[in-house]
Amino acid sequence: MGCCMLRLENVTVRYGRIAALHEVSLEVREGEMVSLIGANGAGKSTTLKAISGLLAPSAGRITWEGRPIGGLAPRGILKAGIAHCPEGRRVFPHLTVRENLEMGALLRRDRAGIASDLDRMIARFPRLGERLRQAAGTLSGGEQQMLAIARALMSRPRLVMFDEPSLGLAPNLVQQVFAIVREIRQEGLTVLMVEQNALAALTLCDRAYLLETGRVVGTGTGAELLASPHVRAAYLGGHAAAA
Amino acid sequence: MMDQALQHLVNGTVLGGTYALLGIGLTLIFGVMRVVNFTHGELYAFGAYMVYALVSLLGLNFYLSLVLATLLGVALGALVELVLLRPLRHADIDSVMLVMIGAALVLQNTEMWVWGGVAKMVPTPFVGTPLVVGPVSVLPLRLFVFAVAVALLVGFWLLLDRTRIGTAMRATFQDPQTASLMGVRVGLVHTMTFALGSGLAAAAGALLGPVFVVSPTMGDLVGLKAFAIVILGGLGNLPGAAIGGFALGYVEEFGAGYLSTEYRDAFGFLLIILVLAIRPQGLVAARERIG
């Protein structure tokens, strides 16, 4: 594992007077895959939004390779090399598949590089290649998730953040999405993933953080958390045996 | 009988072109910014006054004046957005509406103050004798106005459909937060949208000012009609606004031709009442469809 790439120190985020994150600290090292697990409303998505600049922390520090990035606009964060693949896919429904992919590369100026990345995405997701001229809103849920992942990769990020990539997908598609996340990570990208499916998230990752009501209440390797009685009882339920 | 209908069809098409310009500007602003832009009619009047000032007072070339008047409309739109709307980005729609009504009043009264209440004529290089093709006759100036309006519509569509900035605008229209994750500067898109929409209104005024007369209240009725067009097509629907513009042009021309000239302006509003009663989502089905 490389050195620390992304670090959050005592980050607090408020929605009005309500604190959604209380002094959250975590780090992601280069080449690592880190999962954030926890129940609905635990602050997982809020953490990603604070990193990508959609929300400004009211206290604490966010640093990227030692440089403070807390409070930067999403554009600045993306330029720094962090892509955020948001919850619920959020493809642009009336743009074509190709236009959605091009939006991912909006900040890039290397035409040739964009074209070759587009070809790579089509090779990786042939379904998207067949539907390049189709409006993204007409794709199935699984195809939209593939498009959202491909769009995030089009910015050539060094860290990619996935927010609930398996949400609302049929079981066979869930497996496909996790296989893609594993591939991406094997290609050397650093991954920070939020997942409600704790079993999959912990099996895939190197390390994980457990969030409860806006606080980090546990951390360790995926295997350690899988073995933790608290995690097993609260998040894995009857599935724990399958791990 | 057939000849008369053909003449109304031509007149309606010519009128519809400028109505489409007005409607597209207004619906774009609503779609991207959720701003009900009451200054739209005043931007139209502004474009007309600028052409008057440039041609009659400064003696500039007519065609150059049209271009400059449109660009000045773009600049005024950008100014309104930066000074009034940017600080209200997260305000509720009612506050923004009140501010825009105030801005419209200020613009109109400034026009009254600067130019006086007497209507102005704008001289044009076109002859006053109509072109006659078979049973149909049309004034050369009106034909020119229609051609420019169509060229602007096509240019605007190409900008939205074929350029990076156009794709970014459409993405912002559909999902501003995700657009910002792609690196779009949403604030800049808002300024550009308002400036472009205002420029289209000013272009319509610059084109129609010389056809009719230029007066400080000319923006009132046009502002209302622009809303009518946008409601016809469905709020925030660009192709809908173009179709609504032509629909209004035809209804007015045929209504004036066959029913009553005096109620010309009423026919359009009658159509809106009908559309709102029967198809409140507008004539064109797909809502929020852009490009």
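Computed quantities for the displayed model
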read-out: Hits in segment B:162-181 (condition: closer than 16 Å to A:A136 by Cβ and within 20 Å of the chain's Cα centre (by Cα)); value: B:R170, B:F173
read-out: Segment B:167-180, residues that are among the β-branched types (V, I, T) and open to solvent by 40 Å² or more (accessible area, probe 1.4 Å); value: none
read-out: A:A179 vs. criteria within 14 Å of A:F162 (Cα to Cα) and open to solvent by 30 Å² or more (accessible area, probe 1.4 Å); value: yes
read-out: Odd one out for B:V211, checked against (1) free of Cβ contacts under 8 Å to residues at least 60 places away in the same chain; (2) outside any helix (DSSP H, G or I); (3) within 18 Å of B:V14 (Cβ to Cβ); value: (1)
read-out: B:Y49 vs. criteria of a type in the set (S, T, Y), more than 29 Å from B:D161 (Cβ to Cβ) and in a helix (DSSP H, G or I); value: yes
read-out: Every residue from segment B:138-161 that is over 16 Å from B:G199 (Cβ atoms) and open to solvent by 40 Å² or more (accessible area, probe 1.4 Å); value: B:L139, B:R142, B:L143, B:F144, B:F146, B:A147, B:V150
read-out: Residue match in segment B:16-32 (condition: surrounded by fewer than 24 Cβ atoms within 10 Å (Cβ to Cβ) and part of a helix (DSSP H, G or I)); value: yes
read-out: Criterion violated by B:L60 - all others in (1) open to solvent by 10 Å² or more (accessible area, probe 1.4 Å); (2) touching a Gly at 6+ places or on another chain (Cβ under 8 Å) satisfied; value: (2)
read-out: Spans of helices (runs of 4 or more DSSP H) in segment A:49-138 with at least 1 residues more than 18 Å from A:L8 (Cβ to Cβ) and within 12 Å of another protein chain (Cβ to nearest Cβ); value: A:74-80, A:97-104, A:111-124
read-out: Qualifying residue in segment A:153-160 (condition: within 18 Å of B:Q174 (Cβ to Cβ), open to solvent by less than 50 Å² (accessible area, probe 1.4 Å) and modelled with pLDDT of 95 or more); value: yes
read-out: Index of the failed condition, B:R164 passing every other in (1) open to solvent by 70 Å² or more (accessible area, probe 1.4 Å); (2) among the basic types (K, R); (3) within 30 Å of B:T13 (Cβ to Cβ); value: (3)
read-out: Subset of segment B:161-199 (residues that are more than 9 Å from chain A (Cβ to nearest Cβ) and either of a type in the set (K, R) or not in a helix (DSSP H, G or I) (or both)); value: B:R162, B:T163
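Yes/no matrix, rows are residues, columns are (1) open to solvent by less than 40 Å² (accessible area, probe 1.4 Å); (2) under 28 Å from A:H94 (Cβ atoms); (3) at pLDDT 95 or above:
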residue	(1), (2), (3)
B:V35	yes, yes, no
B:A78	yes, yes, yes
B:N109	no, no, no
B:W113	no, no, no
B:G117	no, no, no
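Rundown of residues vs (1) small (G, A, S); (2) at pLDDT below 95; (3) not in a strand (DSSP E or B), yes/no style:
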{"position": "A:L8", "(1), (2), (3)": "no, no, no"}
{"position": "A:V11", "(1), (2), (3)": "no, no, no"}
{"position": "A:G31", "(1), (2), (3)": "yes, yes, yes"}
{"position": "A:L36", "(1), (2), (3)": "no, no, no"}
{"position": "A:N40", "(1), (2), (3)": "no, yes, yes"}
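The values are calculated or read from the model by the stated rules, or taken from the named source; none is laboratory data. From a predicted model like this one, the values you see are computed outputs, not experimental measurements. Here Cβ is always computed from backbone atoms with ideal geometry, including for glycine, and neighbour counts include all displayed protein chains. Just the protein is used for accessible areas: all its heavy atoms, side chains included, with ligands, DNA and RNA removed. Shrake-Rupley method; radii C 1.70, N 1.55, O 1.52, S 1.80 Å.
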